[in-house]
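Some notes on the structure that comes next.
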Ligand SMILES: Nc1ncnc2c1ncn2[C@@H]1O[C@H](COP(=O)(O)OP(=O)(O)OP(=O)(O)O)[C@@H](O)[C@H]1O
Ligand SMILES: [Mg+2]
């Protein structure tokens with residue numbers, strides 16, 4: 001079985017600043033993979049590279065065995081990869097319902113259709129309603145997304161990301177800024193919604209990381225210094241030194 | 001309480017509740033289009049209504065770009081004008097060859113002309129939104145407007161190209177000579193186009209236009225190419241602008257360079273913005289107001305464009321959502337029954353505000369007469385009251401009205417704000433938010 005994501009020897013320079021150096025990352029099908037690392041390590045940049053938001057200076061990225069490096073974000077999305085953003089990135093003036101529905105439209109095959117009434121597409125309506133139910137925002141469906149509370153916007157962000165039914169889901173710090181109860185709820189949500197899919201998650205909260213991930217990669221200064229199961233990572237002296245040491249104690 | 005619970009949408013019923021307001025708005029719109037010329041029967045009002053109808057289609061087409069997709073164009077008249085020219089050439093060809101095409105089908109020629117040019121020009125210009133799109137639209141507008149003076153055989157140079165709409169085959173005994181028949185032709189296309197443009201907003205493409213307007217970056221991560229969305233939106237806008245241009249050509253029986261110039265592009269931007277981009281009918285209201293202003297103001301003052309500019313700046317500064325958003329602000333108050341709480345404050349504020357406006361108008365007219373090389377003697381009439389320009393008394397009145405009116409008006413507007421807050425608080429308590 002081909003890997004869900006394979007990153008080989010990817011480099012990224014902004015000007016002459018080397019942000020990502022010789023990045024190699026393999027994520028298997030159905031795996032829950034956490035990427036951790038200190039601030040500014042290049043975690044979001046890695047997400048941007050894989051999702052096509054920026055193109056690598058050199059190197060290759062494959063999704064399910066198909067080359068995706070160099071493709072535009074929407075082409076990568078259509079091949080089954082969907083990502084969320086660290087800073088909430090929703091359609092602020094549109095309602096919660098419309099936000100989710102837009103994220104459902106391409107996947108349900110309606111594309112750029114201008115001959116169909118969007119309100120009378122049963123599968124779109126049903127899927128939107130299900131996702132709203134999943135992210136607990138049904139009671140807020142007619143509120144413009146920009147008026148939601150912070151935690152609600154984060155949940156909407158997750159909802160938009162999973163709505164298209166992509167097989168690979170990438171979440172960039174989905175619980176950042178949430179209270180403990182909100183975090184617990186969000187983690188349960190993520191666990192349930194990504195059942196049977198591949199999940200790549202960037203997370204600073206170590207209890208979330210070790211509770212959720214099958215494998216963990218540690219990124220420091222644009223380079224993966226360790227990759228393995230939670231136990232392996234916990235016991236890795238390099239990781240302790242570079243990262244966990246400062247966070248845990 | 002029962003009212004509140006019945007308003008709450010049930011989670012499974014996802015079609016937006018078509019409320020009474022929705023049907024009322026469309027009902028009023030269609031009835032107004034059909035009945036108004038029967039109430040106001042003079043030839044002059046039929047001409048006015050015809051111009052309003054054309055402007056309304058044009059402004060609605062502009063709002064596909066501005067309000068729906070977030071594209072600010074300075075060259076939308078290109079598609080209006082090319083639609084007009086192609087319609088004139090089409091009409092002349094139909095008449096010359098005796099083709100069996102009656103006049104009511106001619107707007108389709110304009111529409112397809114607008115569409116074809118939008119298809120050609122749009123792909124490059126919609127590559128980016130924002131400033132880049134605005135600048136490209138301006139450049140293309142200039143390009144087409146200047147080539148209209150160079151390609152004389154097609155555009156007819158300064159004089160333009162004329163046609164005769166009555167040379168086309170009659171339909172049901174209508175030869176479209178009388179203005180009222182032309183009006184109903186325009187009204188027919190206005191209703192059809194408005195329904196089509198509204199329907200467009202309710203399609204997957206229409207919804208994605210809004211998404212691209214709000215956040216083009218995120219659109220890419222849910223499978224859509226924002227460029228394609230903008231391009232398709234642009235093509236539809238071009239099509240309906242072409243219909244409007246063809247109707248103008250039918251109405252005036254001429255197409256000339258002014259049709260595709262920067263002024264025409266500016267007027268449609270004004271109309272759409274003044275009416276309001278946030279509501280579907282906003283541009284229609286804007287078209288009514290701007291057309292009336294153009295016709296009426298130019299009769300009573302030589303500096304009517306100045307007033308036009310002042311009104312536009314006023315709207316941009318104080319009501320950026322346009323006139324419709326000002327009106328729609330009152331909807332929760334109306335529903336909650338608290339509108340009477342603000343009306344007295346409005347009436348109190350109205351008096352000094354009008355006096356202030358009169359002062360400004362008087363001052364502008366005095367300055368206009370002097371700056372246009374007037375001798376400084378003579379009289380001007382403001383609301384039929386004669387003012388002697390040479391008299392210091394007139395100047396004093398203008399100054400007192402402007403300055404005094406401003407101060408008093410400002411005080412009374414505070415009263416309006418307070419009354420508004422009280423009314424809104426009560427409305428919120430009764431469960432009406434927006
Ligand atoms: N477009 C860009 N141009 C220049 N530098 C950039 C750009 N994007 C990111 N960087 C730099 O790259 C480095 C890595 O940033 P990145 O956002 O990937 O870090 P991160 O690991 O996600 O950090 P955090 O935990 O704070 O989210 C930072 O030093 C950042 O300033
Ligand atoms: Mg980051």
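Read-outs throughout are calculated quantities, based only on the coordinates presented, and are distinct from any laboratory measurement. In this text the structure is predicted, and so the values were computed from the model without any measurement. Glycine gets a Cβ as well: all are built from the backbone with ideal geometry, and neighbour counts include every protein chain shown.
In terms of other Cβ atoms within 10 Å, A:98, A:232 run from fewest to most in the order A:232, A:98. Per-residue shielding of B:386-394, expressed as the average number of other chain Cβ atoms within 10 Å of the residue Cβ, stands at 0. Remark: spin-label model distance residue A:229-residue B:164 equals 9.4 nm, labels positioned 7 Å along the Cα→Cβ axis.
Across the protein assembly as shown, the volume of the C-alpha convex hull divided among the residues equals 226 Å³ per residue. Cβ crowding within 10 Å, taken as a proxy for footprinting-reagent exposure, orders A:95, A:149 from fewest neighbours to most as A:149, A:95. When the P(r) of the range B:174-246 is calculated, the portion above 16 Å amounts to 58% of the C-alpha pairs. With respect to chain A, whose longest principal axis is taken over its alpha-carbon atoms, helix A:150-163 is tilted by about 80°.
Over the whole of A:154-167, what's the average partner chain Cβ count within 10 Å per residue? Rounded to a whole number, please.
1
The range A:88-141 to the range B:193-270: how many Å between their Cα centroids? Between the Cα centres of the range A:88-141 and the range B:193-270 lies a distance of 24 Å. Each label was represented as a point 7 Å from its Cα along the Cα-to-Cβ direction; for residue B:425 and residue B:124 these points are 6.0 nm apart.
By DSSP, the beta bridges lying fully in the protein assembly as shown are antiparallel in about 65 percent of cases.
Rounded to the nearest 500, the helix-only mean residue ellipticity at 222 nm of the protein assembly as shown stands at -18500 deg cm²/dmol, with each DSSP H run of n ≥ 4 adding -39,500 (n - 2.57). The simple spin-label model puts a point 7 Å past each Cα toward its Cβ; for residue A:39 and residue A:86 those points are separated by 1.0 nm. Just checking the listed ones, B:66, B:115, B:326: in the Gaussian network model of chain B with Cα springs under 10 Å, the one fluctuating most is B:326.
How would you rank B:98-106, B:26-34, highest first, on the average number of other Cβ atoms within 10 Å across their residues?
In descending order of packing, they fall as B:98-106, B:26-34.
Here the range A:185-223 is scanned for amide nitrogen atoms under 18 Å from the site 7 Å beyond the Cα of residue A:9 along Cα-to-Cβ, giving A:223.
Quick one: compute the contact order of the range B:275-434, relative version, from alpha carbon pairs under 8 angstrom and 6+ residues apart, as a percent.
So the answer I get is 28 percent.
Using r as the Cβ-Cβ distance of residue A:113 and residue A:195, and R0 as 30 Å, what FRET efficiency do you calculate, to the nearest 0.05? Could the numbers behind the result be given before it?
Details: r = 31 Å, r/R0 = 1.02.
With a Förster radius of 30 Å, E is 0.45.
Based on the alpha-carbon gyration tensor of the range B:132-274 and its eigenvalue square roots a ≥ b ≥ c, which shape applies: rounded if a/c is under 1.5, prolate if not and a/b is larger than b/c, or oblate? Taking the square roots of the gyration eigenvalues as a ≥ b ≥ c, the range B:132-274 is oblate.
The angle between the Cα long axis of helix A:122-134 and the longest principal axis of the Cα atoms of chain A comes to about 50 degrees, rounded to the nearest 10. Apply the a/c threshold of 1.5 to the C-alpha gyration tensor of the range B:16-319 and tell me whether it is rounded, prolate or oblate. Verdict is rounded for the range B:16-319. For chain A, the relative contact order comes to 26 percent (Cα pairs under 8 Å, sequence separation of at least 6). Between 0 and 90 degrees, the angle of helix A:180-193 with respect to the longest Cα principal axis of chain A falls at about 80 degrees. Considering only DSSP beta bridges with both partners in the range A:5-248, what is the antiparallel share in %, to the nearest 5? Within the range A:5-248, antiparallel bridges account for around 55 percent of the total. FRET efficiency for the residue B:406 to residue B:174 pair, using the beta carbon distance and R₀ = 51 Å, is estimated at 0.40. The fewest-to-most ranking of B:358, B:235 by surrounding Cβ atoms within 10 Å reads B:358, B:235. Only Cα pairs within less than 10 Å get springs; with that Gaussian network setup on chain B, which residue of B:181, B:372, B:294 has the largest fluctuation? In the Gaussian network model the winner is B:372. Considering only A:112, A:221, A:150, the Gaussian network model of chain A with Cα springs below 10 Å gives its largest mean-square fluctuation to A:112.
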